[in-house]
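Read the structure below first, then the notes.
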Amino acid sequence: MSVNYTTVQWNRQKRRYDRIMLGLMALYLLTFSFLQLFFYPLISPETLIIRATGTLAFIMLQFILCIGPMARLDRRFLPLLYNRRHLGVTTFLIGAVHGVFNVIQFHSLGYVDPLLSVFASNTHYTSLQDFPFQTLGFFALLILFLMAATSHDFWLKNLSPRWWKSLHMLVYLAYGLLVFHVMLGVVQLEQSPAWIGFVGFGLLTLVSLHLMAAGVEKKRLEDQMDKPAVGEGFYLVCSAEDIPENRAKMVFLDGQNIAVFRYEGKVSAVNNICRHQHGPIGEGKIVNGCITCPWHGYQYLPNNGQSPPPFTEKLETYDVKIVDGMVWVNPQPYPEGTERPAAIIQA
């Protein structure tokens, strides 16, 4: 969180994250180049750059899309989610190098404008096998550019979280375009089953992770369906001892997504959806008295759902009570930022 818009808020974790990211990228490029030169000693520098950057960008995008479900399945992946935008912008830059060298290699030596040549050199738009695959890569790169250009919170604030999120969900369209871009390119140019297996394995991995994460979330929601309601609309959630200190129990009650936090011998409940990028508040923890979203560190006070000044984000709050050590929550929400008394855990 920041009072003013700054280019990048560097901290020790982000610097370490970026050093590891750049180191792994350099290692991949060196290893890939060595193998290409070993197996294809006559390969041109342009073709080597095209292959190295293209495969790297595709792997990075694949990994970006896997981070979300991996973090759902295991909290140890949350640091990757926290800095995912750094990885996304870098992926676009690598993809842009791939695209520029493709245009130089295949479209810059004729009398037609290079960008126009991308769309006009192959006009078999009605043929599946001969479809101009480079156009698919162009539109995928355009989407990645829009996402990179709007990755800063300035755009999130001014576009509104809803529209910003919708724009950045286009990453799945970009991934789909790239899958067909690679597949058609292999069929028309490379004709190597190894590349098809490479893309297919990545697609299978991505789909499997998303299905596994969806199954975990579905089970969590189903576990809440049989929660009994008692007088005054309260639902039984769990034992107070089942909630770790400074952590939360996430529940879905009567259409409300709620995070129930335990802290300082008390229990409070707030809406589970962060106002920044709709991250899961309940997967975070309380740091210095504030609920801290695990995605990007946005903070809220547990008793009223308000961000500490000068920030203005607010969450809905809910009534909580403890009876015989059991936590009960009323899913009727109070307006955002409404202070509600915490339930005291009796010793």
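Before moving on, here are some points about what is shown:
- Within segment 241-270, if we keep just the residues that are more than 21 Å from Pro294 (Cα to Cα) and modelled with pLDDT of 90 or more, the residue that is least open to solvent (accessible area, probe 1.4 Å) turns out to be Gly265.
- Of residues in segment 292-339 being under 28 Å from the mean Cα position of the chain (by Cα) and free of Cβ contacts under 8 Å to residues at least 24 places away in the same chain, the one least open to solvent (accessible area, probe 1.4 Å): Cys293
- Selection over segment 318-346 of residues that are in a strand (DSSP E or B) and of a type in the set (Asp, Glu) gives a count of 1.
- The set of residues in segment 39-97 that are among the basic types (Lys, Arg) and buried (at least 17 other Cβ atoms within 10 Å of the Cβ) comprises Arg51, Arg72, Arg84, Arg85.
- Qualifying residue in segment 105-121 (condition: of a type outside the set (Val, Ile, Thr), over 15 Å from Leu178 (Cβ atoms), at pLDDT 85 or above and under 32 Å from the mean Cα position of the chain (by Cα)): yes
- Residue list for segment 98-138, restricted to those being among the aromatic types (Phe, Trp, Tyr) and either within 16 Å of Ala148 (Cβ to Cβ) or surrounded by 13 or more Cβ atoms within 10 Å (Cβ to Cβ) (or both): Phe101, Phe106, Phe119, Phe131, Phe133, Phe138
- Residue in segment 163-176 that is open to solvent by less than 60 Å² (accessible area, probe 1.4 Å), within 26 Å of Leu56 (Cβ to Cβ), at pLDDT 90 or above and hydrophobic (A, V, I, L, M, F, W, C) present: yes
- Of all the residues in segment 177-193, those that are part of a helix (DSSP H, G or I) and open to solvent by less than 70 Å² (accessible area, probe 1.4 Å) number 11.
- Number of residues in segment 158-176 that are in a helix (DSSP H, G or I) and touching a residue at least 12 places away in the same chain (Cβ under 8 Å): the value is 10.
The values are calculated or read from the model by the stated rules, or taken from the named source; none is laboratory data. Because the structure is predicted, anything quoted here is derived from the model rather than measured. Glycine gets a Cβ as well: all are built from the backbone with ideal geometry, and neighbour counts include every protein chain shown. These area figures cover heavy atoms from the full protein model, side chains too; ligands, DNA and RNA do not enter into them. Shrake-Rupley method; radii C 1.70, N 1.55, O 1.52, S 1.80 Å.
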